[in-house]
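Heads up: the structure comes next, in structure tokens.
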There are 2 protein chains.
Amino acid sequence: MTPPPPLTVSDDTLTERQKDVLDAALGLLVDGGDGLTMTGVARRASCSKETLYKWFGDRDGLLTATVQWQASKVRVVPVDRDTLDKRTLGIALEKFGRDWLTVLTGDTSVALNRLAVSHAGQEKRNLGRIVLENGPIGMARRCKPLLEAGRDAGLVKFDDADQAFRTFFGLVVRDTQIRMLLGEQRRPSEEQIAAQARRAREQFFALFGA
Amino acid sequence: MTPPPPLTVSDDTLTERQKDVLDAALGLLVDGGDGLTMTGVARRASCSKETLYKWFGDRDGLLTATVQWQASKVRVVPVDRDTLDKRTLGIALEKFGRDWLTVLTGDTSVALNRLAVSHAGQEKRNLGRIVLENGPIGMARRCKPLLEAGRDAGLVKFDDADQAFRTFFGLVVRDTQIRMLLGEQRRPSEEQIAAQARRAREQFFALFGA
DNA sequence: ATTGAGGCGTACCGTACGGTACGGTTCGGC
DNA sequence: GCCGAACCGTACCGTACGGTACGCCTCAAT
């Protein structure tokens, strides 16, 4: 008798061994979207398929747990909003953009988003939902308070925080993500990412600066 | 003896029957990414699998032809650049954004991009390349001359046309496409699309207006 | 030492699907 | 009318993979 896999998976609901298994799945996912098969994961993680089914229910449960496991790795960096002036707000936004672009263009993120996108096309919408929640929506949730704090401090000016955030998103990401997802080989360098984050900050202030 | 399928597929290299078959594949693709199987296409198009293999070589050839067929449907609307003032440039850019968002959020585009994204994760990079070419890259190719004409007419000001285009892309698309790809149900209404295109135009002129 | 749970490795089953073969039908050319 | 090409429908094959069963090992608890 095995309890059904938990609905949410995070750092402390998994044993070390289970984390190893999910890391194996992630690795398998990163180098070549195919090959991510139950047998493949079992071989890579040196465990038995039966264990996989016992722990994660079925293939979909394994994939879901893998996505959640990766999502739980990305930690939120809270922003100190007490000493907020135009300079620190700009620095925070620019760092935000830099971190975001770095994650977005990483192998793991690309592979994970590819998986979620392809699964969103079938019935199983849950992977897409999870990645959505930890992607754009999560970014919005962390970014909007910062923007609103900036507005409250009279540093920037906008009516709708959501619209402002989405504009910032567009200025940062532009066509980078879709190009990566579609297989563009060229990955932006660290310098290009930094330059792009700086441009996004400047442009955001040009549009919304008070 | 059948000649290998042509490397490029367009409106005039296909018979009507073949177009019907590809449209059947498109339809199958739109309602549920799975189900797009050789048997399924044959059944939906009322043709035999043998014919599919004769015409398109293998499954990958069929998919490639399908993507190219859809791409060939999207026609370019050339812009008259003789009578270019700030108003007409703005109108052209806004229409550009509106059309682009309308296509992006359409069922067919979403399904096609999902297919291309998932295939870009495996060896077969060609689908991604085709969609890339007809997506962001194609948009850039059509948009950049317009921007440069605007610059030559002293209406807008920028150093790098590519950077300017990508900014415009970001202002128009923002997180709309990735959200659709990840399965977000809510599709923007025609009014929202129009409003967004208008905002993108205003913001672009605010950033780059001479 | 015994025992039982947890887990590894492997063999196995059923199914779905890519790809092939073949008989039957339609149709244009002679 | 006759022939061959093209094509439809279907049956078939091989393989890959999701999922299950089972034998064996390890190890902790008693």
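The values are calculated or read from the model by the stated rules, or taken from the named source; none is laboratory data. This is a predicted model, so every value here is computed, not measured. Note that we place each Cβ from the backbone using ideal geometry, even for glycine, and neighbour counts take in every protein chain shown. Keep in mind that these areas ignore ligands, DNA and RNA; they rest on the heavy atoms of the full protein, side chains included. Shrake-Rupley method; radii C 1.70, N 1.55, O 1.52, S 1.80 Å.
Does residue A:30 satisfy the condition of being within 14 Å of DNA strand C (Cβ to nearest atom), closer than 23 Å to residue A:110 by Cα and in contact with a Leu (Cβ under 9 Å, 6 or more places away or on another chain)? Spell out how you get there, then give the answer.
Working: within 14 Å of DNA strand C (Cβ to nearest atom): no; closer than 23 Å to residue A:110 by Cα: yes; in contact with a Leu (Cβ under 9 Å, 6 or more places away or on another chain): yes.
Against the criterion (within 14 Å of DNA strand C (Cβ to nearest atom), closer than 23 Å to residue A:110 by Cα and in contact with a Leu (Cβ under 9 Å, 6 or more places away or on another chain)), residue A:30 does not qualify.
Would a scan of segment B:60-83 turn up a residue that is within 14 Å of another protein chain (Cβ to nearest Cβ), in a helix (DSSP H, G or I) and over 17 Å from residue B:24 (Cα atoms)? Within segment B:60-83 (the criterion being within 14 Å of another protein chain (Cβ to nearest Cβ), in a helix (DSSP H, G or I) and over 17 Å from residue B:24 (Cα atoms)), the answer is no, since none of the residues qualifies. The one condition from (1) more than 13 Å from chain B (Cβ to nearest Cβ); (2) buried (at least 21 other Cβ atoms within 10 Å of the Cβ); (3) in a loop (DSSP other than H, G, I, E, B) that residue A:36 does not meet is (1).
Listed conditions (1) farther than 30 Å from residue A:208 by Cβ; (2) among the hydroxyl-bearing types (Ser, Thr, Tyr); (3) exposed (fewer than 15 other Cβ atoms within 10 Å of the Cβ) are all met by residue A:83, apart from (1).
When the residues of segment A:44-85 are filtered to those that are farther than 17 Å from residue A:168 by Cβ and basic (Lys, Arg), the one that is farthest from DNA strand D (Cβ to nearest atom) is A:75. Residues in segment B:86-132 that are touching a residue at least 40 places away in the same chain (Cβ under 8 Å) and open to solvent by 70 Å² or more (accessible area, probe 1.4 Å) were compared, and the one that is farthest from residue B:174 (Cα to Cα) is B:124. Regarding segment A:63-77, can at least one residue be identified that is of a type outside the set (Asp, Glu), open to solvent by 40 Å² or more (accessible area, probe 1.4 Å), free of Cβ contacts under 8 Å to residues at least 12 places away in the same chain and farther than 22 Å from residue A:8 by Cα? No, segment A:63-77 contains no residue that is of a type outside the set (Asp, Glu), open to solvent by 40 Å² or more (accessible area, probe 1.4 Å), free of Cβ contacts under 8 Å to residues at least 12 places away in the same chain and farther than 22 Å from residue A:8 by Cα. Applying the condition of being within 6 Å of DNA strand C (Cβ to nearest atom) and outside any loop (DSSP other than H, G, I, E, B) to segment B:46-59 and asking which residue is nearest to residue B:125 (Cα to Cα) yields B:59.
Just a yes or no: is a residue in segment A:189-198 surrounded by 16 or more Cβ atoms within 10 Å (Cβ to Cβ), away from every other protein chain (no Cβ under 11 Å) and within 17 Å of residue A:79 (Cβ to Cβ)?
Let us first name the residues in segment A:189-198 that are surrounded by 16 or more Cβ atoms within 10 Å (Cβ to Cβ), namely A:193-194, A:196-197.
Filter once more, keeping what is away from every other protein chain (no Cβ under 11 Å): A:193-194, A:197.
Restricting the remaining residues to those that are within 17 Å of residue A:79 (Cβ to Cβ) gives A:197.
Within segment A:189-198, one or more residues are surrounded by 16 or more Cβ atoms within 10 Å (Cβ to Cβ), away from every other protein chain (no Cβ under 11 Å) and within 17 Å of residue A:79 (Cβ to Cβ).
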